[in-house]
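**Student:** Could you have a look at this structure, given as structure tokens, before my questions?
A short reminder: the numbers here are calculations on the coordinates, not readings from a lab. Worth saying up front: this structure is predicted, and the values here are computed from it rather than measured. Please note: Cβ atoms are built from the backbone with ideal geometry, for glycine as well, and neighbour counts cover all protein chains shown.
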Amino acid sequence: MGSDKLANAHDWLGRCYLLSGKRKESELHFQKALEVRIGLYGEDHSEVAQSWHCMGNAAAAFGRYELAKELHLKALDMKKRHLGENHVQVSFSIGMLATDYIDKREFDKALDLQMNALRLRLEHYGEKHPRVADMYFNLAGCHLAMKNLEEAENLLEKSMNIRSELFG
């Protein structure tokens with residue numbers, strides 16, 4: 001069975017291996033974290049979504065974009081079912097899925113998802129929050145990839161202005 005701290009330790013070790021380019025070791029630890037969480041919470045629980053996200057991030061890092069999208073969709077669906085469509089944690093899952101579409105150069109889908117994530121964060125945090133600034137930054141990255149430089153500049157300015165206001 002284990003504990004959530006054990007699952008987190010496997011996640012962090014998986015991330016270390018991921019950053020070292022050790023795919024098999026990385027995937028092994030993310031799988032172990034998933035097994036621990038399933039043992040603790042059952043297969044269908046919002047905490048289990050964390051493992052699906054980690055596994056999706058690993059798949060994307062190793063160029064397996066379709067698998068990454070499937071895993072991130074699974075996590076998103078799980079979060080929506082357990083936390084509700086408008087929960088702020090859903091915005092983070094949506095953002096990860098948007099990254100999968102950017103990796104696949106499907107920018108229109110990515111932008112739609114990012115705008116939805118921004119809406120959720122604005123509703124939850126308000127305009128002047130670092131997580132909202134992150135979303136503007138992410139949107140700018142998508143626009144940069146699409147060569148929409150003026151829009152990217154506007155979004156980067158918004159992100160920077162929020163951070164300047166909050167942190168000086």
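**Student:** Starting from the alpha-carbon convex hull of segment 84-143, give the projected area averaged over all orientations, in nm².
**Tutor:** Dividing the Cα hull surface by four gives the mean projection, 3.5 nm².
**Student:** How large is the dipole of the chain about the Cα centre if only Lys and Arg carry +1 and Asp and Glu carry -1, each at its Cβ, rounded to the nearest 20 debye?
**Tutor:** 380
**Student:** From the alpha carbon gyration tensor of the chain, can you work out the equivalent ellipsoid semi-axes (sqrt of 5 times each eigenvalue) and give them in Å, largest to smallest?
**Tutor:** Those come to 29, 18, 15 Å.
**Student:** Next question, about the same structure. At a Förster distance of 25 Å, what's the computed FRET efficiency of Glu157 paired with Lys104, Cβ-Cβ distance as r, to 0.05?
**Tutor:** E(calc), rounded to 0.05, equals 0.35.
**Student:** Let me ask another. When the chain is treated as a GNM, springs tying every alpha-carbon pair under 10 Å, which of Cys54, Cys16, Cys142 comes out with the largest mean-square fluctuation?
**Tutor:** Ranking Cys54, Cys16, Cys142 by mean-square fluctuation puts Cys16 first.
**Student:** Can you tell me, using C-alpha contacts under 8 Å and at least 6 residues apart, the relative contact order of the chain as a whole percent?
**Tutor:** RCO, the chain: 13 percent.
**Student:** For Leu149 paired with His129, estimate the spin-label separation in nm (one decimal), with each label point 7 Å from Cα along the Cα-to-Cβ line.
**Tutor:** 3.4
**Student:** Work out the length of the dipole vector of segment 2-61 about its Cα centre, built from +1 on the beta-carbon of each Lys and Arg and -1 on the beta-carbon of each Asp and Glu, and round it to the nearest 20 debye.
**Tutor:** The dipole of segment 2-61 has a size of about 320 debye.
**Student:** Which entries of Lys79/Lys128; Lys24/Lys109; Lys32/Lys104; Lys5/Lys32; Lys79/Lys104; Lys69/Lys104 have Cα-Cα distances beyond 19 Å here?
**Tutor:** Long pairs (Cα-Cα over 19 Å): Lys79/Lys128; Lys24/Lys109; Lys32/Lys104; Lys79/Lys104.
**Student:** Measuring from centroid to centroid over Cα atoms, what is the spacing of segment 26-88 and segment 90-168 in Å?
**Tutor:** Cα centroid to Cα centroid, the span is 22 Å.
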